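Down below is the structure, laid out as structure tokens.
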Amino acid sequence: MVGLVDLDVSENVHRLIAAPTGAGKSYFLGWLVEKLYREKKPFVVLDTKTRNHIGLIGLKGVKLVKIKSGARYNWEKLLQHPYVLCTPTLRTKTADLVEQYTELIDAVYLEGKERVVIVEEAHNYNKNAYAPSPVLELVAREGRGRKISLWMVTQRIADFPKLLWSQCRYTYLLKFLIPQDVRYIEQLIPNFGEINRKLDRYDVLEYRHITGEYQIIPASHVNRKTKHYG
């Protein structure tokens, strides 16, 4: 375990954020996005709920886009804004939302400019745990060379493809309670079962895959400035 340090969100690397439903991952993610904003790092948040991250519009200059099923969007024009928050309307179906967001992720990749792409419920983009989304796989493999960082968020870790996870430099995990999830995580983080027992509610494990070092971020250190609705 390494000593507690401030998280470096400016590094151009892919990251996975995972936790069960209600464990606090959206609050933690919002805290990370606020750090991106302070670092003036361009980002696009692809939310799957109408109000999960809506508090981020409290940050000056964040462009809010409400995604509707069947609507057409000028993604290139949208990406002229450095900070973008996309949310679905109440009637937007998950499959339609994933289709729209897939187009947007592809537009970010083709643009080839610095951007952090934050994908909520990233498990929904993949056919199954062994067949990752082609666009997520492309960005995971080639995005860093184009200054694109992919942050993938999931509450269904056992359904998340290891191929995508293996491209992540950092993993952030909150406490897991289901043994099969713990066993799945241990395939990439061998000592997770022991670490998981040390996590209190809303604590976050930051694991560094290159070195195997980790730190536990106490919940008391995660304090958002924007309002949280999740």
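The values are calculated or read from the model by the stated rules, or taken from the named source; none is laboratory data. What you are looking at is a predicted structure, and each value in this text was computed from that prediction instead of being measured. Cβ atoms come from the backbone with ideal geometry, glycine included; neighbour counts cover every protein chain shown. The protein model used for the area step is the full one, side chains on, heavy atoms only, and it has no ligands, DNA or RNA in it. Shrake-Rupley method; radii C 1.70, N 1.55, O 1.52, S 1.80 Å.
Heavy atoms of the protein chains alone define the surface here; on that basis region 99-175 has 39 Å² accessible area per residue at 1.4 Å probe size. Can you give the local net charge around A219? Use residues other than it whose beta-carbon is closer than 10 angstrom to its beta-carbon, Lys and Arg +1, Asp and Glu -1. Taking every other residue near A219 into account, the sum is -1.
Near E137, once Lys and Arg are set to +1 and Asp and Glu to -1 for all other residues with Cβ below 14 Å from its Cβ, the sum equals +2. Dipole check for region 59-117: with +1 at the C-beta of Lys and Arg, -1 at the C-beta of Asp and Glu, and the Cα centre as origin, the magnitude is about 360 Debye.
Placing unit charges on each Cβ (+1 for Lys and Arg, -1 for Asp and Glu) gives region 160-230 a dipole about its Cα centre, and among L163, I195, N223 the Cα reaching farthest toward its positive end belongs to N223.
Note on region 104-195: Lys pairs 8 or more places apart or on different chains, Cα atoms under 25 Å apart, count 4. Among N128, N52, N12, the largest mean-square fluctuation in a Gaussian network model of the chain, built with springs joining Cα atoms closer than 10 Å, belongs to N128.
When +1 charges are put on Lys and Arg Cβ atoms and -1 charges on Asp and Glu Cβ atoms, the dipole computed for region 34-147 relative to its Cα centre reaches about 400 debye.
Roughly to the nearest percent, how much of the accessible area of the chain is carbon and sulfur, given a 1.4 Å probe? All intermediate terms of the calculation are to be shown ahead of the outcome.
On the way: 5400 of 11070 Å².
Reported share for carbon and sulfur atoms: 49 percent.
Under a model in which nothing but the beta-carbon of Lys, Arg (+1) and Asp, Glu (-1) is charged, region 117-187 shows a dipole of about 260 debye around its Cα centre. Of the labelled figures [x] 1.20; [y] 0.96; [z] 1.15, only one reflects Cα Rg over 2.2 N^0.38 Å as derived from the coordinates, namely [y]. Peptides 170-176, 39-45, ordered by how many other C-beta atoms sit within 10 Å of their residues on average, highest first, read 170-176, 39-45. Charged neighbours of T87, selected by a Cβ distance under 12 Å, balance to +3 (K, R count +1; D, E count -1).
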